[in-house]
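These notes are about the structure you will find just below.
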Amino acid sequence: MKKPITILVCCALLAPLAFAQPESKGKKQGAGAGTTEAVTVTGTIIQMTSEDGSATNYQPPKTLVVREDRSNIAGSYVLNGPGHVVDKNGQVIRTAIKPGAHVRIYYAQNGDLRTVDHVVVD
């Protein structure tokens, strides 16, 4: 009976030492620390554009060719990865888009490159 009690007492005395946190030697940050630095953020402003048209060819998840409504010219858009093509309810479309389906493409124009954000299929 004495042996289990002795083991329990030893464990109780050693446990705080095993889980003790070392004392910090650095400065503590608090509400009264008092120094602020100004941060300057630089970059280019990206303006999003949208186009309406009819899908002429689509091979997921690679390229979408769209005949634009306001002209008879087909535009080509490259899609990088899944999740870019959604229906009007916001659900992701994982199947091929049928030729002639009405689509709206949201993209950013950077020179000649059109970077697609997402495509909405009606």
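Hey, any hits in region 110-117 for a residue that's at pLDDT 80 or above and surrounded by 10 or more Cβ atoms within 10 Å (Cβ to Cβ)? Scanning region 110-117, I find at least one residue that is at pLDDT 80 or above and surrounded by 10 or more Cβ atoms within 10 Å (Cβ to Cβ), so the answer is yes.
Hey, among the residues in region 72-85 that are more than 16 Å from the chain's Cα centre (by Cα) and surrounded by 10 or more Cβ atoms within 10 Å (Cβ to Cβ), which one's farthest from ILE46 (Cα to Cα)? For region 72-85, the residue satisfying everything is ALA74. The set of residues in region 86-100 that are of a type outside the set (Ser, Thr, Tyr) and either closer than 23 Å to GLN47 by Cα or exposed (fewer than 14 other Cβ atoms within 10 Å of the Cβ) (or both) comprises VAL86, ASP87, LYS88, ASN89, GLY90, GLN91, VAL92, ARG94, ALA96, LYS98, PRO99, GLY100. Any residue in region 34-47 that is surrounded by 10 or more Cβ atoms within 10 Å (Cβ to Cβ) and at pLDDT below 80? Yes.
The values are calculated or read from the model by the stated rules, or taken from the named source; none is laboratory data. This structure is a prediction, so every number in the text was calculated from the model and none was measured. When we count neighbours, we look across all protein chains shown, and the Cβ atoms used for this are built from the backbone with ideal geometry, even at glycine.
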